[in-house]
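Here's the structure we're looking at; comments come further down.
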Amino acid sequence: MMPLAGELIVDLSTGRAGGYCGKLLVDAGADVVKVEPPAGDPLRRHAGGKPDVDSALFRHLAGSKRSVVTDIRSADDTANLIALLGVADGVIWSPGSEIAADPRFSPASIRAVAGEATVVSLSPFGLEGPWAGRPANEATLQAMCGGASQRGTLATPPLIVGGGLGDFETGLVGAVAYLLARARRVRDGGGELVDVSALEAECLTMVMYGATYASMAGVPMRSVRMTNLPGIHASRDGYVGFMVVTGQQWLDFAAMVERPDWVDDESLLKFQARGLRKAELLGTIDRWMGERTSEEIADLANAFRIPVAILGNGATVPEADHFVDQHWFEPHPGGDFVQPTVPYRFGGSATSRPLGTAPMLGEHTGSVQELIARRQSVAASVTESSTTTGARPLAGIRIIDFCNNWAGPIIAHVCGMFGADVIKVESAARPDPLRFNSIKPMSEDRFWEWSPLQHGPNTSKRGITLDMSSPRGRELALALIADADVVVENYSPRVMDNWGLTAGAVRAANPDAIFVRAPAYGLDGPWRDRVGYAQTIEMTAGLAWVTGTPETSPEIPNGPCDPIAGLHATFALLLALEHRRRSGEGMLLETPMVGGALGVAVEQVVEFSASGRLLERDGNRSTTAAPQGAYVCNDDDLPFDQGRWVMISVETDEQWCSLVGVLGAPAWASDSALLSVDHRRAQHDALDAGLSQWCSTRAADDIVDALLAVGVPAAKVLLANEQLGLEQLHARGWFSTLHHPVVGDVVHGGFPAVFSVGPTPAELHTAPPPLLGQHNREVLGGLLRLSDSDLATLEDDGVIGTRVRGGSAW
């Protein structure tokens, strides 16, 4: 049984963001009708494809969808489209096509003719605010959100993540937002407009709570660009990367590379200290790596339990033994390339749709009237209530949240903002590790409450502590589970198993519960017990391979796969809740981190398997825009050691002509051959030299204003904390200030979509992140009816607590 069977969604979007949003929904059972202009979605002719064959990326993203051609100059076509919208359950919209540009098919107009539908708009800045309609693309949005400023070194410009990642993130947010709005529509009746901002999606996913960190610490989390050390290093036969987070992991790494003097040097326990001594350390690490094969290094690192990954790319990822064993890839039904499967594994009777073929352009145009008539007939026989109350979509759902770090907590965080009662479970002896990323020294009282990175994904939750290593702690956990709708955890599989909280134990305590398990690589397979972080997932799935410059080792994107994993798991959980509504079944729901990463890194795999073309890292350059890059300006505003940078991206020949006009038509830009994007790509070095010289004599704001005025995407490259100065984010209410009982007022970002029925952005966060064990009495006394005496005994026995245990200063 597919969770979205019977759902009709009209897709008016173009490009990767809308394509991925629709793919997630069609794979869950929705009937997605892609409405295209006579020339088709430009993604059909995506870079690298053959002129007469739809691109592999399009065929992957459009699999199982229908295609209807609409010529808006035709009265009949327009009438059919309006009728189709009138019978739809949902609509996906993005700017950029001639259909979307027609006022009759703006999101507001669509809402007027599709009153019961959920309309999801995907645009760079959202539909409202001073920047609505401003030219922007993947590169300039990554520059604005603060992501690019974290990558590269002092020897390179700031670097964007390759592979169109931001587009996929925006589509993922759109799919999650659709299901949230749909849950309310199913419960209350009535449609709504969901306005997704790509800038906000990238603020959430590309940097880790930069505004929250700055509001608590008063300084940016990182103002100097440096690569991880150890990071990605060449082996004898490829590349291997590491994510050394803890002091113990560094000690184990030093032992592995046979440097006992590093073990004895306590200063090297700190990440920044290693960065400052990079020249000293790097040569030794590189020599040791270069003497060994990737497999030898990975096997040794795994024996030390050091987070490690062999770098994957479009050629190697589908052949990795774990992905083969766990069937993470399958042939496209057309037979000429391989593609990843859905990023989740349902238990019980729920199923996803088998991956299907993409439609030919207009393949289903002739059957659209029959579809409309059938839907109208069904609608006439059903009496629906349209009494939308505005109550949050997940009101009445209770979630027991055993998650830690970033990827897992996002799942319940989104659910909490949209109405779920979330109870976060930690231990006084082993709290969420992010609490130790504190801006206060460990000698200070309650230092663990001062971690901006722990604050970020934990608002709108209640917090308790339970010692899960004790029988009484496990007993109380099962008692909470017995009255919950959802249990979610993201440990490595052995942790929950060791606690006795297996799928069988959860089912025995509560057969109706949905048990979400979100380990790095899954519950089974050769990599089941590997330590995984976002960075190792990014290296494994291929995102690191396409990030960086051709002259250097690949660059770790450094974090986006955490929220990507969490949002994919949230999407899957919302599907599981819909399946339970229809069937009454609880289930085990497996949502490995790596599944979402494979979904958003897909272009490399489908392109290589279809054409043999291996996508490579190319700095800030693009296959579809030229010139595109980051250039140093002449600014007094110097957040970087080298100065302020601007990102400029020319996507069309018209934009090139506009850029040349702003430049004053210099000789280096006046060759008529440069009217072709292919020729501009061939001459990219010369164009970069010319733009670098031009930018070096001008202020960043002047450059950006001049280019935006003529429709050329441009943006200052910002640090993460500089999100706080973006007027568009303030206009849309992205930031909220919550009062924390220890820290005081703290700024938080929201969810990257505005829902017309609410909650408003200002209402999203229902509470600041909980103090450690803050709600022990409220939850254990209130829900489980424990007495004051019971609670005192639990505290005396160390089962619960409100202070981190482990040192006299704590």
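The values are calculated or read from the model by the stated rules, or taken from the named source; none is laboratory data. Just so we're clear, the structure is a prediction, and the values are computed from it rather than from any experiment. All Cβ positions, glycine included, derive from the backbone under ideal geometry; neighbour counts span all protein chains shown. We work out accessible area using only protein heavy atoms, side chains counted, and drop any ligands, DNA or RNA first. Shrake-Rupley method; radii C 1.70, N 1.55, O 1.52, S 1.80 Å.
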- With respect to L480, determine if the residue is at negative phi, part of a helix (DSSP H, G or I) and crowded, with 21+ Cβ neighbours inside 10 Å. yes
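Identify, please: which residue in segment 254-268 is open to solvent by less than 60 Å² (accessible area, probe 1.4 Å) and in contact (Cβ under 8 Å) with a residue 24 or more places away in the chain and is, among those, farthest from S235 (Cα to Cα)?
So, considering only residues that are open to solvent by less than 60 Å² (accessible area, probe 1.4 Å) and in contact (Cβ under 8 Å) with a residue 24 or more places away in the chain, the one farthest from S235 (Cα to Cα) is A255.
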query = Quick one: would you say R274 is part of a helix (DSSP H, G or I), within 22 Å of T547 (Cβ to Cβ) and among the basic types (K, R)?
reply = yes
Apart from one, (1) farther than 21 Å from E202 by Cβ; (2) modelled with pLDDT under 95; (3) open to solvent by less than 40 Å² (accessible area, probe 1.4 Å) all hold for D678; the odd one out is (3)
With criteria (1) buried (at least 22 other Cβ atoms within 10 Å of the Cβ); (2) in contact with an Asp or Glu (Cβ under 8 Å, 6 or more places away or on another chain), T227 comes up short on (1)
The lone condition A518 fails out of (1) under 26 Å from the mean Cα position of the chain (by Cα); (2) surrounded by fewer than 21 Cβ atoms within 10 Å (Cβ to Cβ); (3) within 24 Å of L575 (Cβ to Cβ) is (2)
Within segment 701-732, of all residues that are small (G, A, S) and within 18 Å of S658 (Cα to Cα), the one surrounded by the fewest Cβ atoms within 10 Å (Cβ to Cβ) is A709
Among residues of segment 61-80 being part of a helix (DSSP H, G or I) and farther than 14 Å from V32 by Cα, the residue most open to solvent (accessible area, probe 1.4 Å) is D76
Taking segment 454-475 and keeping only residues that are open to solvent by 10 Å² or more (accessible area, probe 1.4 Å), touching a Phe, Trp or Tyr at 6+ places or on another chain (Cβ under 8 Å) and part of a helix (DSSP H, G or I), one is left with R474
From the option list A114, A100, A88, single residue qualifying as closer than 30 Å to V646 by Cβ and among the hydrophobic types (A, V, I, L, M, F, W, C) is A100
Restricting segment 84-98 to residues that are surrounded by fewer than 22 Cβ atoms within 10 Å (Cβ to Cβ) and over 15 Å from A30 (Cβ atoms), the one nearest to the chain's Cα centre (by Cα) turns out to be P95
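This table checks each residue for (1) surrounded by 15 or more Cβ atoms within 10 Å (Cβ to Cβ); (2) out of contact with any helix residue (DSSP H, G or I) (no Cβ under 6 Å at 6 or more places or on another chain).
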site: K270; (1), (2): no, yes
site: A301; (1), (2): yes, yes
site: H327; (1), (2): no, yes
site: F337; (1), (2): yes, no
site: A358; (1), (2): yes, no
Within segment 412-431, residues part of a loop (DSSP other than H, G, I, E, B) and touching a helix residue (DSSP H, G or I) at 6+ places or on another chain (Cβ under 6 Å) come out as F418
Considering segment 231-267, residues that are among the aliphatic types (A, V, I, L, M) and part of a loop (DSSP other than H, G, I, E, B), and then whichever is farthest from the chain's Cα centre (by Cα), we arrive at V257
When segment 570-585 is checked residue by residue, the ones that are under 16 Å from C415 (Cβ atoms) and either of a type in the set (D, E) or assigned to a loop (DSSP other than H, G, I, E, B) (or both) are E578
Selection over segment 396-430 where residues are over 21 Å from the mean Cα position of the chain (by Cα) and either open to solvent by 20 Å² or more (accessible area, probe 1.4 Å) or charged (D, E, K, R) (or both) yields a count of 9
Pairing a residue in segment 343-354 that is open to solvent by 40 Å² or more (accessible area, probe 1.4 Å) with any residue that is part of a loop (DSSP other than H, G, I, E, B) and of a type in the set (D, E), where Cβ atoms lie under 6 Å and the two sit 6 or more apart in sequence or on different chains, gives G348/E585
Residue pairs within 6 Å by beta carbon, gap of at least six or interchain, first lying in segment 788-810 and open to solvent by 10 Å² or more (accessible area, probe 1.4 Å) and at pLDDT below 95, second part of a loop (DSSP other than H, G, I, E, B) and small (G, A, S), listed first then second, are R805/A428; R805/A429; A809/S443
Subset of segment 360-377, residues charged (D, E, K, R) and open to solvent by less than 40 Å² (accessible area, probe 1.4 Å), comes to none
